[in-house]
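Enquirer: Have a look at this one before I ask anything.
The values are calculated or read from the model by the stated rules, or taken from the named source; none is laboratory data. Values in this document were obtained by computation on a predicted structure and should not be read as measured data. As a convention, Cβ positions derive from the backbone with ideal geometry for all residues, glycine included, and neighbour counts pool all protein chains shown.
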Ligand SMILES: Nc1ncnc2c1ncn2[C@@H]1O[C@H](COP(=O)(O)OP(=O)(O)OP(=O)(O)O)[C@@H](O)[C@H]1O
Ligand SMILES: [Mg+2]
């Protein structure tokens, strides 16, 4: 079973390819509400209405190297199998918002996976794009803003290995602190 963090990586890589300069990831993990909600918003090139319809179909992709794009259809399928929902809103030249959720205690729900690894991989692939990540649980909220991290770095790149490893630990420690089982 694919971890949900792998889906998040897929969806965010779509935003990177769409030349977004700001990507916002929001995770709301509530044991009380029995819901795990994920949203990814970008200000990239967006999609036409016709394109949005096609994107949910696994036999559609604009890439020429492969015939099928599976990132979005697989996530949609996983959400729906877990009594959840999936929605894309997009506008050409404005951006895209993907919102989905899972029934948290559904037997088919994959684990969230390692968000530290995922955020490290995302930031490592960003060139001129900022990431705003927020993670909310019943116990608290954790926020990571790459533009704030950059200000703290005076000079060194956010993509340096040492910085990326620090970000991974920082994310994992903070998420562990607000997690509930
Ligand atoms: N955030 C986005 N902004 C603009 N276009 C997008 C966005 N997300 C998806 N798309 C379009 O939808 C298509 C399908 O996305 P999907 O993730 O399902 O497949 P893929 O990225 O083409 O391939 P895969 O994810 O399997 O490697 C993309 O090729 C792209 O054209
Ligand atoms: Mg994709």
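Enquirer: Please work out which one of (1) within 16 Å of ligand 1 (Cβ to nearest atom); (2) at pLDDT 95 or above; (3) closer than 30 Å to residue 157 by Cβ is the condition residue 91 fails and give its number.
Expert: (3)
Enquirer: Also: Just checking, which of 136, 143, 171 is within 26 Å of residue 46 (Cα to Cα) and either touching a strand residue (DSSP E or B) at 6+ places or on another chain (Cβ under 8 Å) or within 13 Å of ligand 1 (Cβ to nearest atom) (or both)?
Expert: Residue meeting the stated conditions: 143.
Enquirer: Which of the residues spanning segment 37-54 are surrounded by fewer than 16 Cβ atoms within 10 Å (Cβ to Cβ) and within 16 Å of ligand 2 (Cβ to nearest atom)?
Expert: Selection gives 51, 54.
Quick grid of which residues meet (1) under 14 Å from the mean Cα position of the chain (by Cα); (2) closer than 30 Å to residue 164 by Cα; (3) within 16 Å of ligand 2 (Cβ to nearest atom):
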| residue | (1), (2), (3) |
| --- | --- |
| 85 | no, no, no |
| 91 | no, no, no |
| 97 | yes, yes, yes |
| 104 | no, yes, no |
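Enquirer: Further question: Output the residue which, of all residues in segment 94-113 that are within 12 Å of ligand 1 (Cβ to nearest atom) and surrounded by fewer than 19 Cβ atoms within 10 Å (Cβ to Cβ), is nearest to residue 31 (Cα to Cα).
Expert: Checked segment 94-113; the qualifying residue nearest to residue 31 (Cα to Cα) is 97.
Enquirer: What residue, among those in segment 17-36 that are surrounded by fewer than 17 Cβ atoms within 10 Å (Cβ to Cβ) and within 16 Å of ligand 1 (Cβ to nearest atom), is nearest to residue 118 (Cα to Cα)?
Expert: Looking at residues that are surrounded by fewer than 17 Cβ atoms within 10 Å (Cβ to Cβ) and within 16 Å of ligand 1 (Cβ to nearest atom), I get 26.
Enquirer: Does residue 50 qualify as being part of a loop (DSSP other than H, G, I, E, B) and farther than 29 Å from residue 179 by Cα?
Expert: Here the answer is no, as residue 50 does not meet what is asked.
Enquirer: In this structure, does residue 155 turn out to be over 14 Å from the mean Cα position of the chain (by Cα), on the phi > 0 side of the Ramachandran plot, in a loop (DSSP other than H, G, I, E, B) and surrounded by fewer than 19 Cβ atoms within 10 Å (Cβ to Cβ)?
Expert: Against the criterion (over 14 Å from the mean Cα position of the chain (by Cα), on the phi > 0 side of the Ramachandran plot, in a loop (DSSP other than H, G, I, E, B) and surrounded by fewer than 19 Cβ atoms within 10 Å (Cβ to Cβ)), residue 155 qualifies.
Enquirer: Assess whether residue 163 counts as being over 22 Å from residue 26 (Cβ atoms) and surrounded by 15 or more Cβ atoms within 10 Å (Cβ to Cβ).
Expert: Yes: the conditions hold for residue 163.
Enquirer: Turning to a different aspect of this structure: Do you know which residues across segment 89-110 are touching a helix residue (DSSP H, G or I) at 6+ places or on another chain (Cβ under 7 Å) and closer than 13 Å to residue 79 by Cα?
Expert: Those that are touching a helix residue (DSSP H, G or I) at 6+ places or on another chain (Cβ under 7 Å) and closer than 13 Å to residue 79 by Cα: 98, 100, 101, 102, 108, 110.
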